[in-house]
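The values are calculated or read from the model by the stated rules, or taken from the named source; none is laboratory data. Nothing here was measured: the structure is a model prediction, and the numbers come from that model. Heads up, the Cβs are rebuilt from the backbone with ideal geometry, glycines too, and the neighbour counts pull from every protein chain shown.
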């Protein structure tokens with residue numbers, strides 16, 4: 001076996017099982033080695049822990065102060081109405097701020113993406129979290145999360 005490859009060639013039993021079910025067996029592979037990544041041209045590269053440390057060092061928290069509430073943006077509180085007139089309030093926050101029980105949604109979620117950039121009076125199609133059916137909601141108002 002070549003250096004750097006972790007998977008042993010498939011046994012004859014594995015080959016027979018694969019043939020029986022019409023599967024292919026890849027031999028050998030790098031998929032089990034977390035320290036080696038494969039680039040699109042299949043050349044291995046070593047994992048660089050300093051890259052992750054740089055990302056962590058550069059990350060900055062925010063209190064969402066001063067968010068523009070003329071449209072739905074990150075750091076805004078959105079009041080929505082459904083077809084029956086029932087109101088719901090959602091806060092569109094950062095990528096890791098999703099807390100459905102508090103009605104906090106990430107701007108990267110399906111609901112967040114549907115709301116971003118919309119103004120009061122516009123409608124959006126979102127999936128109801130209880131029934132999983134699509135529903136139409138109208139944006140009633142937008143306010144900053146932290147004025």
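Restricting attention to region 125-147, which residues are part of a loop (DSSP other than H, G, I, E, B) and touching a helix residue (DSSP H, G or I) at 6+ places or on another chain (Cβ under 8 Å)?
129
Only residues in region 98-117 that are within 18 Å of residue 67 (Cα to Cα) count as the first member; pair them with residues that are assigned to a helix (DSSP H, G or I), Cβ under 8 angstrom, at least 6 apart or cross-chain, and list the lot.
The qualifying pairs are 105/111; 105/112; 105/115; 106/112; 107/113.
Considering each residue of region 118-145, count those that are surrounded by fewer than 13 Cβ atoms within 10 Å (Cβ to Cβ) and under 16 Å from residue 69 (Cα atoms), and give that number.
2
Residue 37: modelled with pLDDT under 60 and within 27 Å of the chain's Cα centre (by Cα), yes or no?
For residue 37, the condition - modelled with pLDDT under 60 and within 27 Å of the chain's Cα centre (by Cα) - is met.
Being part of a strand (DSSP E or B) and touching a strand residue (DSSP E or B) at 6+ places or on another chain (Cβ under 6 Å) is the filter here; which residues of region 101-124 pass it?
Of everything in region 101-124, those that are part of a strand (DSSP E or B) and touching a strand residue (DSSP E or B) at 6+ places or on another chain (Cβ under 6 Å) turn out to be 104, 105, 123, 124.
Per-residue answers, yes or no, for (1) at negative phi; (2) not in a strand (DSSP E or B); (3) not assigned by TED's automatic domain parsing to the domain that holds residue 139:
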{"site": "67", "(1), (2), (3)": "yes, yes, yes"}
{"site": "71", "(1), (2), (3)": "yes, yes, yes"}
{"site": "84", "(1), (2), (3)": "yes, yes, no"}
{"site": "89", "(1), (2), (3)": "yes, no, no"}
{"site": "92", "(1), (2), (3)": "yes, no, no"}
{"site": "97", "(1), (2), (3)": "yes, yes, no"}
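Enumerate the pairs (first residue in region 51-77 and in contact (Cβ under 8 Å) with a residue 12 or more places away in the chain; second residue anywhere and in a helix (DSSP H, G or I) and surrounded by 19 or more Cβ atoms within 10 Å (Cβ to Cβ)) with beta-carbon separation below 7 Å, excluding pairs fewer than 6 apart on the same chain, so at least 6 apart or on different chains.
Listed by first residue and then by second, the contacts come to 72/115.
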